[in-house]
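Here's the structure we're looking at; comments come further down.
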Amino acid sequence: PEDIRVYEFAEACGKSPAEVITVLFGLGMMVTKNDFLKQDELEILGEEFGIEVTVKDALEDANYVDDYYEEEVDESNFTTRPPVVTIMGHVDHGKTSLLDKIRSSKTASAEAGGITQHIAAYTIKQNNQKITFVDTPGHAAFSSMRARGASVTDVIIIVVAADDGVKQQTEEVISHAKASDCPIIVAVNKMDKEGANIDMVKAQMAERELTPVDWGGEIEFIPVSAKTGDGIDDLLENILLQSEILELQADPEAKAKATVVESSLEKGRGPVATVIVQNGTLKVGDNIVCDTTYGRVKAITNDLGKQVKELGLSETGRVLGLNEVPESGAIMVTQDSDKEAKDIATKRAEHARAKELSKSTKVSLEEMSGLI
Ligand code: GDP
Ligand code: MG
């Protein structure tokens, strides 16, 4: 309702902008012809001119396909799904180092050939149980993914450097983590350093209602060193314990549903989306829709850069075959036919355009259909 300009309103009810401005001015409201009218101003004008003002949401009828993913919950197919873990923390506290160390220490050296380059997500095995780690590109991206309801994370690890303690971004991360309702594990990193003080970290975190288990609270604090690798097994065991409690389950037979954690346009390959599978199994040849993009899965490479035919529950890989680059946080879903996939993506794209348009021109006259 706040999307109508004074002159548009005037036009719609056959008045001049001056008349509208005069009425509002008489009531102590200063507007110009191009200003947007607020809800209360609209109500006053309606009363003053003796018309009923109902402004329809222009997008209501846009045939918006929001629920195009019908979650097929067939519990008889349920299997345990590996946990997806996000590592967060203050800059330089060792997120990247820890992710790298976990990956290199848990990947057979024969496979680890091209392991040095940055990847958005990877899966390791600890005692034959899988864990997928996601590298958060930044807090902004993380919260935008959360805002879109695309929270892929099951467990959050907050890294705090033992020689530095809680810092500003640690605070931000704590509030993200609390809001997410995920179990939290604190990795107290850089324990190899002189001046490492885990009790200081525990005290600072306890002040923020993250009380260590050994202090009577519920949060596990695991001392680690991303440099030496000490404590990493403890950390992984703890992740598995937490995820057991969560009883993560999904249906590997369902239509695949995956979340994009990173995407780019690559020379010679086209749009590439790094995804984590949340339900079902994503296969080469699947018809997919991903927000306003669509296509058929041409190829999948896993986190070691190897071509694979499919990605299972909580697994991650890079998917080729979309017509455009999807945004991080977008949800990829398989469809029965390529036509369906295209139709849904097209409708969504039209809707997105309509929304953009209504943002720039605000509400057009037709959409003010309630105005007499
Ligand atoms: P990020 O910003 O949280 O990703 O932090 P980085 O992983 O980039 O680490 C920041 C710096 O701390 C780098 O110079 C790392 O080598 C160093 N670092 C990270 N973890 C450890 C650790 O456990 N011990 C020591 N001594 N240095 C570490
Ligand atoms: Mg980093």
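The values are calculated or read from the model by the stated rules, or taken from the named source; none is laboratory data. Computed from a predicted model, the values in this text were never measured in an experiment. For neighbour counting, all protein chains shown are included, and Cβ atoms are generated from backbone atoms with ideal geometry for every residue, glycine included. Side chains are part of the model used for accessible areas, which takes the heavy atoms of the whole protein and leaves out ligands, DNA and RNA. Shrake-Rupley method; radii C 1.70, N 1.55, O 1.52, S 1.80 Å.
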Can you give me the number of residues within region 307-340 that are farther than 12 Å from THR293 by Cα and in a loop (DSSP other than H, G, I, E, B)?
9
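Could you list, in sequence order, all residues of region 93-110 that are within 16 Å of ligand 1 (Cβ to nearest atom) and either within 21 Å of CYS182 (Cβ to Cβ) or surrounded by 14 or more Cβ atoms within 10 Å (Cβ to Cβ) (or both)?
HIS93, GLY94, LYS95, THR96, SER97, LEU98, LEU99, ASP100, LYS101, ILE102, ARG103, SER104 - these are the residues of region 93-110 that are within 16 Å of ligand 1 (Cβ to nearest atom) and either within 21 Å of CYS182 (Cβ to Cβ) or surrounded by 14 or more Cβ atoms within 10 Å (Cβ to Cβ) (or both).
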Those residues that are small (Gly, Ala, Ser) and farther than 13 Å from LEU98 by Cα, I need them from region 206-227; list them, please.
ALA206, GLY216, GLY217
Please go through region 341-372 and give me each residue that is open to solvent by less than 70 Å² (accessible area, probe 1.4 Å), part of a helix (DSSP H, G or I) and either modelled with pLDDT of 70 or more or among the charged types (D, E, K, R) (or both), ordered by number.
ALA341, ASP343, ILE344, ALA345, THR346, ARG348, ALA349, HIS351, ALA352, ALA354
The number of residues in region 304-336 that are over 19 Å from ALA121 (Cα atoms) and open to solvent by 40 Å² or more (accessible area, probe 1.4 Å) is 3
